[in-house]
């Protein structure tokens, strides 16, 4: 997915990221341009596919991915040492189709009952939340019972299958659930089984606009950006 910001002025710096960052980056693009006179374009994919693309040689100016991925890029010399910054945290939530009754997920037992009573539950296969959910169902002892009711996609916004009626419940990062029209957020997973995901930024060592790339990272960490992160379901880390 490519998200251009505008066509006038100097060429935009390029960001490679996972789907979890796309909505906040799109929302912040005009403010960054006003503040700096610079623009950026965003290309996103699932976390694992994007990691593979970069490791395979694709480059840009800025990367936003999980800390393990960015740390490996630093070790390989793909991302400039010293440019790594923790940007935001995201949590997993549950969504249903707009107007549908919201199930009880207030406790671990209530969440477990909701899954077992659901007609179908959707999650991604390669996204960080989807991989965690598969392990969580094993941990809760319901993986076998849920097999026939699981709807999956390799990546992307899984709530789309709930919006279209293909599944009853979607479980993914809250930021990704909020990005889909036609669904209502039920809420986050209970604290005892919640998983918090961090997203880290870094400047590509091959970037010819490293100074602008670093300015973008600093902008993402600024107090002015904090309300937009919150609106999109993310916790800015400053």
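When a footprinting reagent is the concern and you count Cβ atoms within 10 Å, what order do 33, 231 take, fewest first?
Ascending number of Cβ neighbours within 10 Å: 231, 33.
Return 160, 238 ranked ascending by Cβ neighbour count within 10 Å, so the fewest neighbours appear first.
238, 160
Treating the angle as unsigned and between 0 and 90°, give the value, to the nearest 10°, between the Cα long axis of helix 210-220 and the longest Cα principal axis of the chain.
40 degrees
Grab the eigenvalues of the alpha-carbon gyration tensor for region 90-193, scale each by 5, take roots, and send me the semi-axes largest first in whole angstrom.
Rounded to whole Å, the semi-axes are 18, 15, 14.
In degrees between 0 and 90, to the nearest 10, how far off the longest principal axis of the chain does helix 128-140 point, with axes built from Cα atoms?
30 degrees
Under a point spin-label approximation (7 Å from Cα along Cα-to-Cβ), what is the residue 108-residue 206 distance to one decimal in nm?
Reported label-point gap for residue 108 and residue 206 is 4.6 nm.
In nm, give the distance between the simple-model label positions of residue 117 and residue 222, each being 7 Å from the Cα along the Cα-to-Cβ direction.
Modelled inter-label distance: 4.8 nm.
Output the 0 to 90 degree angle, nearest 10, between the alpha-carbon long axis of helix 108-117 and the longest principal axis computed from the alpha carbons of the chain.
Tilt of helix 108-117: around 70 degrees.
Over all Cα pairs of the chain, how is the pair count split among 10 Å bins, expressed in % and running from 0 up to the last occupied bin?
Bins of 10 Å from zero give 8, 32, 32, 19, 8, 1 percent of pairs.
What order do you get for 59, 114, 17 when you list them from fewest to most C-beta neighbours inside 10 Å?
In increasing order of surrounding Cβ atoms, one gets 59, 114, 17.
For region 65-185, what is the relative contact order in percent, using Cα pairs closer than 8 Å and at least 6 residues apart in sequence?
34 percent
So if we plug the beta-carbon distance of residue 135 and residue 235 into 1/(1 + (r/R0)^6) with R0 = 22 Å, what FRET efficiency do we get, rounded to 0.05?
0.45
When DSSP beta bridges are limited to those with both residues in region 90-193, what percentage is antiparallel, rounded to the nearest 5?
Here the antiparallel bridges make up roughly 60 percent for region 90-193.
Readers should treat all values here as calculations from the given coordinates under stated rules, not as data from a laboratory. This one's a predicted model, so the numbers in the text were calculated from it and none came from an experiment. We place every Cβ from the backbone using ideal geometry, glycine too, and count neighbours over all the protein chains shown.
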